[in-house]
Structure formats: structure tokens, C-alpha cells
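Following: one structure in C-alpha cells, then a few remarks.
Where a number appears in this text, it was derived from the coordinates with a stated rule and is not lab data. What you see is a predicted model; the values in this text were computed from it and never measured. In this analysis, Cβ positions are derived from the backbone assuming ideal geometry, glycine residues included, and neighbour counts consider all displayed protein chains.
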Amino acid sequence: MLEVKNIQARHGLLQAVRGVSFSVAKGEVLGVIGANGAGKTTLFRAITGVHADMTGSVLLNGEDISALRPAKRVAKGLAMVPEGRRLFPDMSVRENLQVAGEHGRRGDWTLATVLDALPALKPILRSLAGNLSGGQRQAVAIGRALMTNPDFVIMDEVSLGLSPIAIEGLYESLGQLKASGKTGIVVVEQDLRRAMAFSDRIVCMLEGTITLEGASGTLTHDDITNAYFGLEPEAHERSAAHA
Ligand code: ATP
């Protein structure tokens, strides 16, 4: 179980995250949605230990890891696929994956099993990461996270900037990862329909807080749009009636 409790995070005077709590079980997918600036990236950077100006606690399988440095959190089983992918551009795909493997835990995910789960990586193993397309870089970033054998992986804006075909391929691979049941996934996805289809549960963030949480199957598109834009349900219905 990954549990975050009352996370608050600031950028100087700006409080970007205002008391966020949620939990994710192993094998579960939590979709996080919210407009630009809602605080998602800051929240994830706080959870993984990269953003230091924060309070609140992060528990991984019952252990409080809030005081640990980012690399120690990875070693405990918490990985992040950051927005923008952040690969080593002058290293090959194979080297990017291997470096991650050396800094993570031992487990079922090895170069061979990652290549089975993400077959698009096979033909580009020797390519320099800096020369790849957006979809290929995203696949490498996910492979790199898996190489650390995480119990939980947080993926920020997973399909940002990818072509529709690349997004299809990516979600096919993520579907296999989900089906393996080995890993809990927290995924930020701007495409609401896709987020609802892929996630077991959804949380919606607005201005640093969670405005909606529920099982994907129980939330309507209107519930989500209201939470996303901060509309009162009646106001949304009124504006829909006027449209
Ligand atoms: P996006 O999808 O655009 O990345 P987000 O939901 O991830 O949005 P954050 O990037 O966490 O949101 O931003 C939350 C708030 O913090 C915003 O008001 C943003 O302007 C501010 N912010 C983010 N990064 C910084 C920074 N490095 N310095 C100052 N303010 C920042």
C-alpha cells in the first residue's frame, strides 16, 4: 500500500498542494486528473522526495519514508516517470535501462522482462535516447522505472505530446503492466475518457486540493467536469441548459 497523508507543498509563498491524502493498493490504478497548475506535478515531486518544501507523510507498505532522500525511496520500491521523461540523452536505451536497474531493487523486472512488456524498446536498444521520438522516449522512461522493481510507480502526464498511435501503443503496454498485478500505478492523464477507462479509481485535483474521489465506474462525466473546473453541479447544469 502507498499512503500519502495531508501533503502540503509550497513554491515560496505559493501553496501549490494544500493537504492531499490518498492511498493506492498494489495492483490498483489510481488516475489523477486536474487542469494545468492544479498541483499534480508538485504533489508527485513531494511524494518522491524531489520537492523538499513540503509537510505530511508518505507511507510505503506501512513504513514512513517521508524523511528519505529520493534515491532511498526508489530503493524501497517507489518509482516515478517524470513529466518530460528526463532520460540521459547521450546514453543508449540499453544503458538508460541498465543504470536504473543498478540503482533499484532486485526482482522480476529485468532487461529481458521489461523488453517483453515493452516490445517497442527491442529495435531501439542501441539508439541514443536523445535521438528518439516522444513515444519511444516515454516507453524508455516507463521501462526505466520498471527496472527498479517498484511496488508503486507514479507516471506524470504519461501521454503528453504523443501521437494517437503512440498513445495506443503506450496504453497497450500499460494494460499488460496493470494485468501483471505486481505494481500499483498512479497515472496523470489529461484525456478524461482514457483516464476513466484505464483507472480503477479517480481523484480530481483543483487548486492544490482533491475535489473528487471515487471508483471510475461510479463517476459520471458531469461529476468529473464539475470537479475539474470547480463548478457547483447546479451551475454546470444551468450553463448546460443555456448552451
Ligand atoms: P501541469 O499539468 O501544468 O504540470 P500541475 O497540476 O502539475 O500542472 P504544478 O506544476 O504542480 O501543477 O503547479 C502547481 C502550482 O505551482 C501552479 O500555480 C504553478 O504555477 C506553481 N509552480 C509550479 N512549479 C513552480 C516553480 N518551480 N516555481 C514557482 N511556482 C511553481
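Observations
- Positive-end extreme of charge dipole, the chain - chosen from F198, V188, A117 (charges on Cβ): A117
- Over the range 1-137, the reciprocal of the mean inverse Cα-Cα separation, the Kirkwood hydrodynamic radius, stands at 16.7 Å.
- In a fully extended conformation the segment linking L14 and D90 would gain 23.8 nm over its present Cα-Cα distance, using 0.36 nm per residue.
- Taking the average, over residues, of other Cβ atoms within 10 Å as the packing measure, peptides 136-148, 193-205 rank 136-148, 193-205 from highest down.
- The label-point distance for L115 and S57, in a model that sets each label 7 Å from Cα toward Cβ, rounds to 4.4 nm.
- Taking a point 7 Å from the Cα of R106 along the Cα-to-Cβ direction, the residues of the range 143-157 with backbone N closer than 19 Å to it are 146-151.
- Estimated D of the range 163-222 in µm² per second, where Rh is the Kirkwood radius over Cα pairs and Stokes-Einstein applies at 25 °C, 0.890 mPa s: 192 µm²/s
- Under 25 Å of direct C-alpha separation, and excluding same-chain neighbours fewer than eight residues apart, K76 reaches these lysines: K5, K26, K40, K178, K182.
- Where only C-alpha atoms are counted, convex hull volume of the range 114-194 per residue in Å³: 95 Å³
- Cα long-axis angle, helix 93-103 against the chain (0 to 90 degrees, to the nearest 10): 80 degrees
- Computed Kirkwood radius, in angstrom, where 1/r is averaged over Cα pairs of the range 92-238: 16.7 Å
- P(r), alpha carbons of the range 34-102 - 10 Å bins starting at zero, rounded %: 17, 43, 30, 9
- When the chain is treated as a GNM with alpha-carbon contacts under 10 Å, the residue of K122, K178, K76 showing the greatest mean-square fluctuation is K122.
- Efficiency of FRET between V99 and S180 - r from beta-carbon atoms, R0 25 angstrom, step 0.05: 0.60
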